[in-house]
Amino acid sequence: MKSLYINKDGRITIPKLLREKFGIKPRTRLFFCEESGGLKIIPITPKVIDENIGFMKTEGRLLNALIDEKRRSLTCKNHFECFKE
């Protein structure tokens, strides 16, 4: 297990070997959850989405919402434009 330090801005650097192993690239969304007195980090990658299709019984609505959000984040030049109605 690798130990990390948080910088003054509250950021950590995930080691390169772990980023490569789990498919974490710039702008990959990370999900944080408390588990057994610790913190679990789950990268939301295409592989994770594929492995979990159907587990919430949303008939694809959640997946489609995630895909739409990802498309918006990749196509918006100004991040705040994505949230305009």
> Within the set of pairs 6 or more residues apart or between chains, which connect a residue that is over 19 Å from Arg19 (Cα atoms) inside region 43-57 to a residue that is of a type in the set (Gly, Ala, Ser) and modelled with pLDDT under 80 with Cβ atoms less than 9 Å apart?
Replying inline: Ile53/Gly60; Gly54/Gly60
> Tally time: how many residues in region 26-49 are surrounded by 10 or more Cβ atoms within 10 Å (Cβ to Cβ) and not hydrophobic (A, V, I, L, M, F, W, C)?
Replying inline: 7
>> Every residue in region 1-34 that is within 25 Å of Arg72 (Cα to Cα), of a type in the set (Gly, Ala, Ser) and without any contact (Cβ under 8 Å) to a residue 12 or more places away in the chain, please.
In response: none
> In region 1-51, how many residues are under 15 Å from the mean Cα position of the chain (by Cα) and part of a helix (DSSP H, G or I)?
Replying inline: 11
> For the subset of region 50-85 comprising residues that are basic (Lys, Arg) and at pLDDT 75 or above, which member is surrounded by the most Cβ atoms within 10 Å (Cβ to Cβ)?
Replying inline: Lys70
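The values are calculated or read from the model by the stated rules, or taken from the named source; none is laboratory data. Computed from a prediction, not measured in an experiment: that's the story for all the values here. Cβ atoms come from the backbone with ideal geometry, glycine included; neighbour counts cover every protein chain shown.
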